[in-house]
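To start, the structure itself, in structure tokens.
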């Protein structure tokens, strides 16, 4: 008898980073999350969703809070076979029996139940398939009619009718027009997980994973951590809390260990590290930034009940930060930092400006990495952002070379294991197996790079 569990993770917008973070977290033993350590079996994956099989139940609530790049965590309830030509509702027409719905999806809730339906695509061909034609009179239909975007409504009505037959009063929440899935804000605002369920259909070519949502990302809390802080720096741009979380999770550091951010700015990485259970040290050469960081972290400490003595921030040049580390008597387990991205541009810079920026940053990072070698232990990682100038949708002018790090005894580490990256063809990795985080309105994107000390 197979007692394994199956879970699905709805990936964030920059899905390559989401997969990198998941791979890093899932491979490490952590009993509080239900992780035994070692390789996790990936069953299916796409740009939207990744399905795994585990030997033990996961603690979805804790895992959701830890992951910056995962929008929802689902439990796979069952797998239904599907013919390639069949629509989803045709494949599932015998699945959603009242007894199954009551047992697997709906908690005991007195009052009007609310449920939603989302569809996630594992087989890209489903999105390309044209809408089937209505059969002529006398012809037998193959499956059902309507394109893929009509599936959530048709599945929802099928489920609602089955529930209504049992006398249950319920309200159906559907995705917006030309969307297949419910955003986390819709799930939260409609109290679907408290008053009913979100039923998720994960569509592969020859099977359907029928799932239910266990947790959704707390968008309101991310908003608080980003926009309600006393100090913000809109001119220089700030790393989002979600991306900060991802970078910290890529470091491989264990809870309780100390992480350094030597370019901490107004303290985003420091605060996210505290929330994940690390001791944090932040430094920056900019006195105004450190003042803002102190204000933000005092607000953060009170808001999230962080114990005293878990962090410190000071003015310090990254090229001389070993003095600060020695004074604090801290053992640094890893470095996670946004670094300096250079000037922020409203229009694309001239080629000579880019060359100068890269030259200046190479000099800065050469000195900094040499300094880090004084206190960073062997096999410790440095996770940092380098500037990448956006030229097209997936075209960037990146940092020209990372020889400065290699010459100082640091290896460039693939952000996703090569064997995993080879199997997941949809990932968008750079030529040196790093990942890019960008936003539409930004010219200077962030290349997230992982170094390891020899």
I need a count of the residues in the stretch 304-337 that are free of Cβ contacts under 8 Å to residues at least 12 places away in the same chain, within 16 Å of residue 290 (Cβ to Cβ) and touching a strand residue (DSSP E or B) at 6+ places or on another chain (Cβ under 9 Å). 1
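Any idea which of 320, 329 is at positive phi and exposed (fewer than 15 other Cβ atoms within 10 Å of the Cβ)?
Among 320, 329, only 329 is at positive phi and exposed (fewer than 15 other Cβ atoms within 10 Å of the Cβ).
For (1) touching a helix residue (DSSP H, G or I) at 6+ places or on another chain (Cβ under 9 Å); (2) under 30 Å from residue 292 (Cα atoms), each residue gets a yes or a no:
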{"site": "171", "(1), (2)": "yes, no"}
{"site": "200", "(1), (2)": "no, no"}
{"site": "226", "(1), (2)": "yes, yes"}
{"site": "233", "(1), (2)": "yes, yes"}
{"site": "241", "(1), (2)": "yes, yes"}
{"site": "248", "(1), (2)": "yes, yes"}
{"site": "264", "(1), (2)": "yes, yes"}
{"site": "274", "(1), (2)": "yes, yes"}
Odd one out for residue 222 among (1) in contact with a helix residue (DSSP H, G or I) (Cβ under 6 Å, 6 or more places away or on another chain); (2) in contact (Cβ under 8 Å) with a residue 24 or more places away in the chain: (2)
With criteria (1) surrounded by 16 or more Cβ atoms within 10 Å (Cβ to Cβ); (2) in contact with a helix residue (DSSP H, G or I) (Cβ under 7 Å, 6 or more places away or on another chain); (3) at pLDDT below 95, residue 165 comes up short on (1)
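For residues that are in contact with a helix residue (DSSP H, G or I) (Cβ under 6 Å, 6 or more places away or on another chain) and at pLDDT 90 or above, tally how many sit in the stretch 33-45. First the steps, then the outcome.
Keep residues of the stretch 33-45 that are in contact with a helix residue (DSSP H, G or I) (Cβ under 6 Å, 6 or more places away or on another chain), which gives 33, 40.
Those left that are additionally at pLDDT 90 or above: 33.
Looking only at that region, the number is 1.
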Hits in the stretch 159-192 - residues which are in a helix (DSSP H, G or I) and either in contact with a strand residue (DSSP E or B) (Cβ under 9 Å, 6 or more places away or on another chain) or not assigned by TED's automatic domain parsing to the domain that holds residue 68 (or both): 159, 160, 163, 164, 184, 185, 186, 187, 188, 192
Are there strands (runs of 3 or more DSSP E) fully within the stretch 377-447 with at least 1 residues that are under 28 Å from residue 257 (Cβ atoms)? List them. 381-392, 410-413, 435-437
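Residue-wise test of (1) out of contact with any helix residue (DSSP H, G or I) (no Cβ under 6 Å at 6 or more places or on another chain); (2) over 16 Å from residue 199 (Cβ atoms); (3) part of a loop (DSSP other than H, G, I, E, B).
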{"residue": "50", "(1), (2), (3)": "yes, yes, no"}
{"residue": "63", "(1), (2), (3)": "no, yes, no"}
{"residue": "83", "(1), (2), (3)": "yes, yes, yes"}
{"residue": "94", "(1), (2), (3)": "yes, no, yes"}
{"residue": "103", "(1), (2), (3)": "yes, no, no"}
{"residue": "106", "(1), (2), (3)": "yes, no, yes"}
{"residue": "114", "(1), (2), (3)": "no, no, no"}
{"residue": "120", "(1), (2), (3)": "yes, no, no"}
Answer with yes or no whether residue 40 is in contact with a strand residue (DSSP E or B) (Cβ under 8 Å, 6 or more places away or on another chain), without any contact (Cβ under 8 Å) to a residue 24 or more places away in the chain and closer than 30 Å to residue 125 by Cα. yes
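Between 17, 63, 50, 74, which is farther than 27 Å from residue 206 by Cα, touching a strand residue (DSSP E or B) at 6+ places or on another chain (Cβ under 6 Å) and buried (at least 23 other Cβ atoms within 10 Å of the Cβ)?
Details: 63 fails: touching a strand residue (DSSP E or B) at 6+ places or on another chain (Cβ under 6 Å); 50 fails: farther than 27 Å from residue 206 by Cα; 74 fails: farther than 27 Å from residue 206 by Cα.
Only one candidate passes the filter, namely 17.
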Checklist (1) loosely packed, with under 14 Cβ neighbours inside 10 Å; (2) touching a residue at least 40 places away in the same chain (Cβ under 8 Å) applied to residue 350, failing item: (2)
Lone unmet requirement of (1) in contact with a helix residue (DSSP H, G or I) (Cβ under 6 Å, 6 or more places away or on another chain); (2) in a helix (DSSP H, G or I); (3) modelled with pLDDT under 95 for residue 143: (2)
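The values are calculated or read from the model by the stated rules, or taken from the named source; none is laboratory data. For clarity, every value in this text was computed on a predicted model and none was experimentally measured. No Cβ is skipped: glycine too gets one built from the backbone with ideal geometry, and neighbour counts run over all protein chains shown.
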